[in-house]
1. Take every Cα pair under 8 Å in segment 3-165 that's 6+ residues apart, average their separations, divide by the length, and report that relative contact order as a whole percent.
2. Could you tell me which residue out of Leu96, Leu121, Ala9 lies farthest along the dipole of the chain toward its positive end? Charges go on the beta carbon: Lys and Arg +1, Asp and Glu -1, centred on the Cα centre.
3. Report the number of Lys pairs in the chain whose alpha-carbons are under 20 Å apart, with separation of 8 or more residues or on distinct chains.
4. For the charge dipole of the chain, defined by +1 on Lys and Arg C-beta atoms and -1 on Asp and Glu C-beta atoms about the Cα centroid, which residue among His110, Leu62, Ala48 has the Cα displaced farthest towards the positive pole?
5. Pull out a ≥ b ≥ c, the square roots of the eigenvalues of the alpha-carbon gyration tensor of segment 22-92, then state rounded if a/c is under 1.5, prolate if not and a/b is larger than b/c, and oblate in the remaining case.
6. I need the phi-derived Karplus couplings for segment 2-7: 6.51 cos²θ - 1.76 cosθ + 1.60, θ = phi - 60°, integer Hz, Gly and Pro marked x.
7. Going through segment 1-95, which GluC sites (Glu not before Pro) have at most 15 other Cβ atoms within 10 Å and a DSSP loop state?
8. Measuring from label point to label point, each 7 Å out along Cα→Cβ, what is the Glu74 to Met161 span in nm?
Amino acid sequence: MNLHELITARRSAIRVKWQKLILESYPANARDFFQNRKAHFQNPVGAALENQTATLLEALCLGLESVNDQALVEDWIKIRAVQNFTPAQALNFIPLLKLTLRETLGSDIHTEQLSLQMQNLETRLDGLLLTAFDRYMVAREKLYEIQAGEWRRQSYLALRMKTVCNGETSIAGEKES
């Protein structure tokens, strides 16, 4: 039996344990909400957790070599980027997967061949973590650009309202039409 077959055989246990560890990164009230509501529109985070853990585990069962790393983590990273997490907290789902795999498959991977396969898988997951970090930073940068644009619009509108209330015809530096 190779590592991918072993992961496939234990996929359900791995997924349950991994999701539990991920949910522990949220406050208790949010954790309960995410666990108990799986509908996409009622609970996009819980639905994404279900979908993304299933997708990543499926990729592990098939072998990560043929999977586009960026596509694999993109949706999850976008959700984690808008939450109030540090980069380490937002990306912790990958090290948690490694931990879950080690704990769930621990006794079975001690053979030399499976141990080497596990080491190769963990190296691949480390690469996935680096890709996730790059995508996280892109998402956070986009979020900050959106926020800065909104602050500029609000400041402009506030200044515009002030000039109108004061009876002025234009804002300093603004061209009159």
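1. Working: 108 pairs, mean separation 43.0, N = 163.
Once divided by the residue count of segment 3-165, the mean separation gives 26 percent.
2. Result: Leu96, furthest along the dipole toward the positive end.
3. Working: Lys17/Lys38; Lys17/Lys98; Lys20/Lys38; Lys20/Lys98; Lys38/Lys78; Lys78/Lys142; Lys162/Lys175.
Lysine pairs meeting both conditions in the chain amount to 7.
4. Selected residue: Ala48.
5. Values: a/c = 2.11, a/b = 1.52, b/c = 1.39.
In terms of gyration-tensor shape, prolate.
6. Values per residue, Gly and Pro as x: 9, 5, 4, 5, 5, 4 Hz.
7. Numbers: sites: Glu5, Glu24, Glu50, Glu58, Glu65, Glu74; in loops: Glu24.
Sparse-neighbourhood loop GluC sites (Glu not before Pro): Glu24.
8. 3.9 nm
Every number here is computed from the coordinates shown, using simple stated rules; none is lab data. Keep in mind that what you see is a predicted model, and the values were worked out from it rather than measured. Reconstructed Cβ throughout: ideal geometry from the backbone, glycine too, with neighbour counts over all protein chains shown.
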